[in-house]
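Visitor: Sharing a structure with you now.
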Amino acid sequence: MNIHEYQAKALFEKFGVPVPKGAPAKSAADFDPALANFAEGTIVVKAQIHAGGRGKGTFTDGFKGGVKLCPSRAAAKETAAKMLGNTLVTAQTGPAGRKVQTIYFTEACAIKKEYYLAILLDRASSRPVIVASTEGGVEIEKVAHETPEKITKVFVDPAYGLADFQVRELIFKLGFTGNEAKNAGKLIRQLYACFWETDASMVEVNPLITTAGGDVLALDAKVSFDDNALFRHPEIVALRDLNEEDPKEIEASKFSLSYIALDGNIACLVNGAGLAMSTMDIIKHFGGTPANFLDVGGGASKEQVVAAFKIILGDPNVKGIVVNIFGGIMDCNVIAQGIVEAVKEVGLKLPLVVRLEGNNVVAGKATLAASGLKLVSGDTMADAAQKIVKRVA
């Protein structure tokens, strides 16, 4: 789950991470009360969407930039009015863009130097890793590609926690001295506490800045959380902005389905993340394009299968459906019953190819055969993929 910058900064403040003063506004009526928190002078206006590259983005009406420096409160109000309700297109939103429904006003800071700092889970070592660089304010992927020596990684033992010598290593590698070093050390510890105690999957500050007075501030903030741990954090779940999510993905989450919308026309209904990815790969191999990733899990019920079909059909780009089920824990006949019920309930008219294998597969195939439905059986993954690609071509 992702949250907005203004929400992330409010969370940072709870853990003592210093951030510039800011105030959000969700409507034009909120502009004056929000701006009343600032002295007259330069104010930064930031469009709030779940995507990076806002500063380089363009609104659909031609207005450029989702992050603007404004010389006065009046100018900030005028700029905010141009952003709110407008659709911002960035490199990460795709051509459709995202509608801006919240504006964030922040005070402008006199930046001495910019850095990069992030904490995330390294899956290879099963440990949190702190990634830091002296090259902040730019895309970290570009730094990693062109000057990898400027990136420092510190792996944290989850049983012990962040050690003092690791904090000192980061301070040294980033070149902090004096008051900056003291303030940076404190910020790193507090940021790690935020990451660990909220079950975050990533905490990113780009840029982390220093000022002439020796302050170290999180000028930007990006935080995402492990969905599997959200049951422990109702206060974080309350921050979820459903306007930023695909309605189909929202509906899928209600039925504990893992769904990600893609831009193809062949929908996939599969059990198991690995099998789902393999199914998408083999569809691409035979010339098709997947419309989604959909994992119904290892023990899906008929109700979940019906829900999955309805979600799939909510995508107008879908021209055909392939079901690929391996019954390990799952009973193939339960899936077959769900398919029959779903097809009859939604009145499916699109091509449907079903491949079943594993636990109780004979009964599952018998259920499909006796249903009278117009569906095609796939004997193998390759066979099923070829058949659905052929039918939507």
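Visitor: Based only on Cα atoms, what Rg/Rh ratio does the range 39-155 have, Rh being taken as Kirkwood's radius?
Guide: Result for the range 39-155 is an Rg/Rh of 1.05.
Visitor: Under 15 Å Cα-Cα from residue 349, which aspartates and glutamates qualify once same-chain neighbours fewer than 8 residues away are excluded?
Guide: In chain and number order, the partners are 315, 341.
Visitor: Could you please rank 353, 237, 323, placing first whichever residue has the fewest other Cβ atoms within 10 Å of its Cβ? Don't jump to the answer; show the numbers that get you there.
Guide: Numbers: 353 24, 237 13, 323 30.
Fewest-to-most ranking of 353, 237, 323: 237, 353, 323.
Visitor: Helix 73-83 sits at what angle to the longest principal axis of the chain, using alpha carbons and giving 0 to 90 degrees rounded to 10?
Guide: Approximately 10 degrees, to the nearest ten.
Visitor: For the chain, evaluate the Debye formula with one uniform point scatterer on each Cα (no solvent term) and list log10 I(q)/I(0) at q = 0.10 Å⁻¹, rounded to two decimals.
Guide: Calculated log10 I(q)/I(0) at the listed q: -0.79.
Visitor: Could you give each residue of the range 42-56 its phi-based ³J(HN,Hα) in whole Hz, using Karplus coefficients 6.51, -1.76, 1.60 with θ = phi - 60°, and x for Gly or Pro?
Guide: 5, 10, 9, 10, 10, 6, 9, 9, 7, 6, x, x, 4, x, 9
Visitor: Given H placed 1.01 Å from N in the peptide plane, which residues other than close sequence neighbours of residue 265 have an amide H under 5 Å from its amide H?
Guide: The list, which skips near neighbours in sequence, is 289, 291.
Visitor: Exposure proxy check: 155, 293, 165 ranked by fewest other beta carbons within 10 Å?
Guide: Numbers: 155 14, 293 17, 165 9.
Sorted ascending by nearby Cβ count, the order is 165, 155, 293.
Visitor: Moving on. Can you list the aspartates and glutamates whose alpha carbon is less than 19 Å from that of residue 390, not counting same-chain residues fewer than 8 positions off?
Guide: Qualifying aspartates and glutamates at Cα under 19 Å: 263, 281, 379.
Visitor: Can I ask one more? Using only the alpha carbons of the range 166-252, determine the length spanned along each of the three principal axes and report them from longest to shortest in whole angstroms.
Guide: 52, 22, 20
Visitor: Right, next: What's the angle, to the nearest 10 degrees (0 to 90), between helix 273-285's Cα axis and the longest principal axis of the chain?
Guide: So the helix axis and the longest Cα principal axis differ by about 80 degrees.
Visitor: Run the reach check for residue 26 against aspartates and glutamates, Cα to Cα strictly under 19 Å, same-chain hits fewer than 8 apart removed. What comes back?
Guide: 5, 78, 107, 241, 244, 245
Visitor: Further question: Roughly what % of Cα-Cα distances in the range 20-107 sit above 15 Å, to the whole percent?
Guide: I get 51 percent for the Cα pairs in the range 20-107 exceeding 15 Å.
Visitor: Additional query: Can you pull the semi-axes for the range 259-299, root of five times each eigenvalue of the Cα gyration tensor, sorted largest first, whole Å?
Guide: 17, 11, 6
Visitor: Determine the sum of side-chain charges near residue 256: Lys and Arg each +1, Asp and Glu each -1, restricted to other residues whose C-beta is under 11 angstrom from that of residue 256.
Guide: Net charge around residue 256: -2.
Visitor: Does the range 245-392 come out rounded, prolate or oblate by the C-alpha gyration tensor, with a ≥ b ≥ c the root eigenvalues, rounded set by a/c under 1.5 and, if not, prolate when a/b is larger than b/c and oblate if not?
Guide: Note, shape of the range 245-392 comes out rounded.
Visitor: Hey, another quick one. Which values of log₁₀ I(q)/I(0), to two decimal places, follow from the Debye formula for the range 113-237 at q = 0.14 Å⁻¹ with a uniform point scatterer at every Cα?
Guide: Rounded to two decimals, the profile gives -0.60.
Visitor: In percent, how large is the relative contact order of the chain, given Cα pairs closer than 8 Å and 6 or more residues apart?
Guide: 12
Read the figures in this text as sums done on the coordinates, not as results from a lab. Here the structure is a predicted model, which means the values were calculated and not measured. Using ideal geometry, Cβ is built from the backbone for each residue, glycine included, and neighbour counts are taken over all protein chains shown.
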